[in-house]
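Asks: Have a look at the structure that comes next, please.
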Amino acid sequence: MRRQLVWAARACAWLLAMWAAACAAGFDHRIAKDESGIWSRGVQDFVYYGAIATEIGGAAWFGGEDKLGRTFWESIDSSVLSGVTAEVAKRAFGRRRPAETADPNDWWNGSCCKSFPSGEVTLQASFVTPFIVNYASDHPWVWALEVLPAYDAIARVKSQAHWQTDVLAGWALGTGFGYWAAKRNSPLFLQIMPHGVAVGIQTRF
């Protein structure tokens, strides 16, 4: 548990450092809203729910007895824990979204305002990072999975749902938890589930 807390503290420190540096540089700015084509909310939802369905389905199908199955379970670990952290941060920072204000420095408004960090980019980064950590050294093409958080980061800014630092912080947060999950000896949620869950559906049939 102590090691887990250390990793969580490091992820939060990374998030805060990135936010401070970007804000100091005047990085945030509102761009013209664009939800056409691949940037539409429908496509964003497809990518979001597709990631959730893929990691849950993969964990159930492969189980936790081989490398691929464990990686899916690690992805669940990182998605859940980073998602909770992102939600807590949203409520703590209380930042207004670009659709609500032209001022990127409008913070501390309470739980009504949840722009920082981007939860959806956090999800995508936490989803793909365990696969990159576990497989990229042997299969460099796995780095292409980073297109998912990259797409979502661009789409959320174009939708005026998030500032630039929101999506970068979400990317960093998801990556941090994804790396942490991939380096554990055993997936956290797999340990607390009934033992039979470790055996994937494919093995049973």
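The values are calculated or read from the model by the stated rules, or taken from the named source; none is laboratory data. Not measured: the values here are computed from a predicted model. Glycine also receives a Cβ, built like all others from the backbone with ideal geometry; neighbour counts cover every protein chain displayed.
Asks: Regarding Lys33, is this residue modelled with pLDDT of 90 or more, surrounded by 13 or more Cβ atoms within 10 Å (Cβ to Cβ), more than 19 Å from the chain's Cα centre (by Cα) and not aromatic (Phe, Trp, Tyr)? So that I can check it myself, show each step before the final result.
Replies: On the way: modelled with pLDDT of 90 or more: yes; surrounded by 13 or more Cβ atoms within 10 Å (Cβ to Cβ): yes; more than 19 Å from the chain's Cα centre (by Cα): yes; not aromatic (Phe, Trp, Tyr): yes.
Here the answer is yes, as Lys33 does meet what is asked.
Asks: Follow-up question, since we're still on this one. Counting only residues that are at pLDDT below 90 and surrounded by 19 or more Cβ atoms within 10 Å (Cβ to Cβ), which one in region 44-69 is nearest to Asp152 (Cα to Cα)?
Replies: That would be Ala59.
Asks: Sticking with this structure for a sec: Which of the residues that make up region 76-115 are touching a residue at least 40 places away in the same chain (Cβ under 8 Å) and closer than 30 Å to Gly58 by Cα? I'd like the intermediate steps shown before the answer.
Replies: Pass one, region 76-115, residues touching a residue at least 40 places away in the same chain (Cβ under 8 Å): 76-83, 85-86, 89, 95, 97-99, 102, 104-105, 115.
Within region 76-115, Ile76, Asp77, Ser78, Ser79, Val80, Leu81, Ser82, Gly83, Thr85, Ala86, Ala89 qualify.
Asks: Here's a follow-up. For Gly94, are the conditions met, namely being over 15 Å from Ala125 (Cα atoms), in contact with a Cys (Cβ under 7 Å, 6 or more places away or on another chain) and not aliphatic (A, V, I, L, M)?
Replies: Values: over 15 Å from Ala125 (Cα atoms): yes; in contact with a Cys (Cβ under 7 Å, 6 or more places away or on another chain): yes; not aliphatic (A, V, I, L, M): yes.
Judged against the criteria, Gly94 is a match.
Asks: Give region 78-93 a look and list any residue that's surrounded by fewer than 23 Cβ atoms within 10 Å (Cβ to Cβ) and over 17 Å from Phe116 (Cα atoms), or say none.
Replies: The one that is surrounded by fewer than 23 Cβ atoms within 10 Å (Cβ to Cβ) and over 17 Å from Phe116 (Cα atoms): Val80.
Asks: Let me ask another. Does Ala102 meet the test of being crowded, with 23+ Cβ neighbours inside 10 Å and either at pLDDT below 90 or within 16 Å of Ala161 (Cα to Cα) (or both)?
Replies: On the way: crowded, with 23+ Cβ neighbours inside 10 Å: no; either at pLDDT below 90 or within 16 Å of Ala161 (Cα to Cα) (or both): yes.
It is false that Ala102 is crowded, with 23+ Cβ neighbours inside 10 Å and either at pLDDT below 90 or within 16 Å of Ala161 (Cα to Cα) (or both).
Asks: Since Tyr135 meets every condition but one in (1) touching a helix residue (DSSP H, G or I) at 6+ places or on another chain (Cβ under 8 Å); (2) aromatic (Phe, Trp, Tyr); (3) at pLDDT below 90, which condition does it not meet?
Replies: (3)
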